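Here, each number is a calculation from the coordinates, and none is a lab measurement. On a predicted model such as this, the values are computed, not experimentally measured, just so you know. Counting neighbours? That spans all protein chains shown, and the Cβs are built from the backbone with ideal geometry, glycine included.
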Amino acid sequence: MIIANWKANGDIKSNKAWCNQLIVRMSNRGLKSIGIAPSFIHFNQIKNAFINNDIKVGFQDIDIDGGARTGSISPSMAVDSDCSFCLIGHSERREIFNEDNNIISKKYKMLVKSHIKPVLCIGESFEEFKAGKTEQKLQTQIQECIQGNISSENLTIAYEPIWAIGSGNTPKPKDVNTIHEFIKDVVQSASENNLRPQVLYGGSVNKSNAADFFVEKNIDGALIGGASLDADIFSDIIEIYSRHKEK
Ligand code: PEP
């Protein structure tokens, strides 16, 4: 799957042009295996733009409950909006909004309960990467966020090294492949039903490096920030994904 994470970008006019362009570019392939996570305010616009297509539209985040929580979007609102998936644990949420594994685990549980696919983002800092602590960090994040509670067939993990997000720097695709295998093993051994999750890579994916990632066996797709804001570039990346993963 390829997921566009629009973060706090987009407006009604440019979103409309983006959706139209994607539909034109994907007219032969169709919109399967594509997800878009727009802002909450644009969710319905994007959902309606793809009403006759099988594109998945999701949230970038969710709160753990409803009611007296000013400014929040609750899990039941996500269900009501027909949200297909929800990112949780993105490093920007962890850093800017002080979210820790404990709060992310509550979000994870609420999504599972609500039958919305969680896309759990994990990743190490540059210091941890340099110190060879990547696997240790990822294992802790997985265990603390899902707490052995893998009842969802639909868990997807997005491996996003913090230092690769929006920086133009990326780890070597072969190293990412090894890390993804490790992530699948960690999840599988915590899973009641032997689940091996889909693992997406995120961090400065663009149309020039996408093929190097998608050629790797354990890289099941990508979570894309900056390069997803341009419908043509995003379409180019989807075409590269199709060539490598849908043969
Ligand atoms: C992201 O923020 O999830 C991301 C992958 O961003 P970028 O593609 O811009 O590095």
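For the stretch 1-15, filtering for residues that are of a type outside the set (D, E, K, R), more than 20 Å from residue 236 (Cα to Cα) and part of a helix (DSSP H, G or I) leaves 1.
Remark: pairs (first residue in the stretch 217-229, within 17 Å of residue 242 (Cβ to Cβ); second residue part of a loop (DSSP other than H, G, I, E, B) and more than 6 Å from the ligand (Cβ to nearest atom); Cβ separation under 8 Å; 6+ apart in sequence or on different chains) = 220/1; 221/1; 221/33; 227/206; 227/207; 228/6. Can you confirm whether residue 222 is of a type in the set (Gly, Ala, Ser) and either on the phi > 0 side of the Ramachandran plot or away from the ligand (no atom under 12 Å from the Cβ) (or both)? No: the conditions fail for residue 222.
Yes or no, residue by residue, for (1) within 14 Å of the ligand (Cβ to nearest atom); (2) closer than 23 Å to residue 200 by Cα:
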position: 17; (1), (2): no, no
position: 30; (1), (2): no, yes
position: 61; (1), (2): yes, yes
position: 66; (1), (2): no, no
position: 70; (1), (2): no, no
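If a residue has to be in a helix (DSSP H, G or I) and either on the phi > 0 side of the Ramachandran plot or surrounded by fewer than 21 Cβ atoms within 10 Å (Cβ to Cβ) (or both) to count, how many in the stretch 193-216 make the cut? It would help to see each step written out before you state the result.
Filtering the stretch 193-216 for residues in a helix (DSSP H, G or I) gives 210-214.
Now narrow it down to the ones that are either on the phi > 0 side of the Ramachandran plot or surrounded by fewer than 21 Cβ atoms within 10 Å (Cβ to Cβ) (or both): 211-212.
Counting residues in the stretch 193-216 that are in a helix (DSSP H, G or I) and either on the phi > 0 side of the Ramachandran plot or surrounded by fewer than 21 Cβ atoms within 10 Å (Cβ to Cβ) (or both) gives 2.
Rundown of residues vs (1) crowded, with 16+ Cβ neighbours inside 10 Å; (2) not hydroxyl-bearing (Ser, Thr, Tyr), yes/no style:
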position	(1), (2)
67	no, yes
74	yes, no
82	no, yes
89	yes, yes
95	no, yes
102	no, yes
105	yes, no
114	yes, no
118	yes, yes
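Considered as a group, the residues in the stretch 160-178 that are within 8 Å of the ligand (Cβ to nearest atom) and touching a residue at least 40 places away in the same chain (Cβ under 8 Å) include one that is farthest from residue 121 (Cα to Cα), and that residue is 166.
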